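Each remark here refers to the structure printed beneath this line.
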Amino acid sequence: MADPEHREEEEAPAVGDDEDTGAQVAPIVKLEEVAVTTGEEDEVAILDLKSKLYRFDKDGNQWKERGAGTVKFLKHKVTGKVRLLMRQSKTLKICANHLIIPTMSVQEHAGNEKSCVWHARDFADGELKDELFCIRFPSIENAKSFMETFQEVAESQKPVDDKAATAAAGLVEKLTVEDKAVDAEKKDGEKSEEKTEEKESAAVEASKEDANKKAEEPASSA
């Protein structure tokens with residue numbers, strides 16, 4: 001005897017995959033387009049190179065890989081400040097993020113022409129940290145381009161302060177010269193006034209003497 005449940009399953013009509021049931025399914029969540037910002041909208045990329053970054057672990061006394069991706073020098077359109085920014089290729093996680101300042105310098109790492117090192121106050125982890133970085137490029141040309149751009153940027157930050165200091169020094173010098181000129185004019189004016197007063201006094205004295213002489217002379221007889 002056949003199993004009832006089994007027989008019902010056989011008799012039940014099968015619903016085809018392509019059959020339209022007329023059911024309408026509304027989306028549970030409505031997704032809206034969201035504008036994504038990278039923080040680089042007000043900056044211009046001076047250099048953009050593929051590389052691999054390492055940081056020196058002081059506790060372990062060894063180099064540790066920070067990530068592989070793209071390193072950029074970004075110049076702000078308004079302030080002119082330049083920062084180094086590197087993100088990992090797939091996750092876009094920030095590996096390095098710091099300003100390039102005049103006191104920074106970069107140099108070749110241990111005779112490896114494809115690698116270079118530098119110190120920086122980095123903000124990649126959300127707080128300032130003193131880091132020693134090493135970056136490696138696929139070619140010597142890219143490494144040289146990075147080092148040259150790094151030094152040019154660091155030096156370009158100097159004239160801003162130097163020019164301001166020079167301008168301030170020039171202004172002080174100009175004011176000092178002008179003050180000296182004013183003082184000299186005052187002294188010349190005072191001397192001129194003194195000489196004028198002396199001349200006037202001498203003239204008055206001479207007039208008095210002439211008057212006294214005339215008063216002392218005897219009157220002529222008629």
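The values are calculated or read from the model by the stated rules, or taken from the named source; none is laboratory data. Predicted, not measured: the structure shown is a model, and the values here were computed from it. Here the Cβ positions follow ideal geometry from the backbone for every residue, glycine too, while neighbour counts run over all protein chains shown. Areas reflect the complete protein model, heavy atoms only, side chains present, ligands, DNA and RNA absent. Shrake-Rupley method; radii C 1.70, N 1.55, O 1.52, S 1.80 Å.
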(message) Quick check: at a probe of 1.4 Å, how many percent of the accessible area of the stretch 100-163 sits on carbon and sulfur atoms?
(response) 48
(request) Assign one of three labels to the stretch 43-157, namely rounded, prolate or oblate, based on the Cα gyration tensor with a ≥ b ≥ c the square roots of its eigenvalues; rounded applies when a/c is under 1.5, prolate when it is not and a/b is larger than b/c, and oblate otherwise. (result) rounded
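Mind checking the stretch 64-98 for trypsin sites (Lys or Arg not before Pro) that DSSP puts in a loop (not H, G, I, E or B) and that have at most 11 other Cβ atoms within 10 Å?
Details: sites: LYS64, ARG66, LYS72, LYS75, LYS77, LYS81, ARG83, ARG87, LYS90, LYS93; in loops: LYS77, LYS81, LYS90, LYS93.
When the trypsin sites (Lys or Arg not before Pro) of the stretch 64-98 are filtered for loop state and at most 11 Cβ neighbours within 10 Å, LYS77, LYS90 remain.
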(message) Please list 3J(HN,Hα) in residue order for the stretch 70-80, calculated via the Karplus relation 6.51 cos²θ - 1.76 cosθ + 1.60 where θ = phi - 60°; whole Hz, with x for glycine and proline.
(response) 10, 9, 10, 9, 10, 9, 6, 5, 9, 7, x
(request) Of the listed pairs LYS77/LYS144; LYS90/LYS158; LYS75/LYS129; LYS30/LYS52, which have alpha-carbon separations greater than 31 Å here? (result) LYS90/LYS158; LYS30/LYS52
(request) Tell me the label-point distance for the pair GLU108, ARG121, using the 7 Å Cα-to-Cβ offset, in nm and rounded to one decimal. (result) 3.1
(request) Quick one: which residues, 5+ away or cross-chain, put their amide H under 5 Å from the amide H of TRP63? H built at 1.01 Å from N. (result) ASP57
(request) Scan around HIS109 for amide H atoms under 5 Å from its own, H built in the peptide plane at 1.01 Å from N, and keep only partners 5 or more places away or cross-chain. (result) SER115, CYS116, VAL117
(message) What are the ³J(HN,Hα) couplings of the stretch 96-105, residue after residue, when phi is run through the Karplus curve with 6.51, -1.76, 1.60 and θ = phi - 60°? Round to Hz, x for glycine and proline.
(response) 8, 7, 7, 6, 9, 10, x, 7, 7, 9
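Can you give the local net charge around PHE56? Use residues other than it whose beta-carbon is closer than 13 angstrom to its beta-carbon, Lys and Arg +1, Asp and Glu -1. Display every interim value, and only then the final one.
Details: positive: ARG55, LYS58, LYS64, ARG66, LYS129; negative: ASP57, ASP59, GLU65, ASP122, ASP130, GLU131.
Cβ neighbours under 13 Å give a net charge of -1.
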(request) State, to one decimal in nm, how far the label point of LEU99 lies from the label point of LYS64, with both points 7 Å from Cα in the Cβ direction. (result) 2.7
(message) Please list, in order along the stretch 43-56, the HN-Hα scalar couplings obtained from phi with the Karplus expression 6.51 cos²θ - 1.76 cosθ + 1.60 (θ = phi - 60°), rounded to whole Hz, x for Gly and Pro.
(response) 10, 10, 6, 7, 8, 8, 9, 6, 6, 10, 10, 10, 10, 8
(message) 5 Å is the cut-off here: which amide hydrogens, built 1.01 Å from N in the peptide plane, fall below it relative to ILE46, excluding neighbours closer than 5 in sequence?
(response) PHE73, LEU74, LYS75
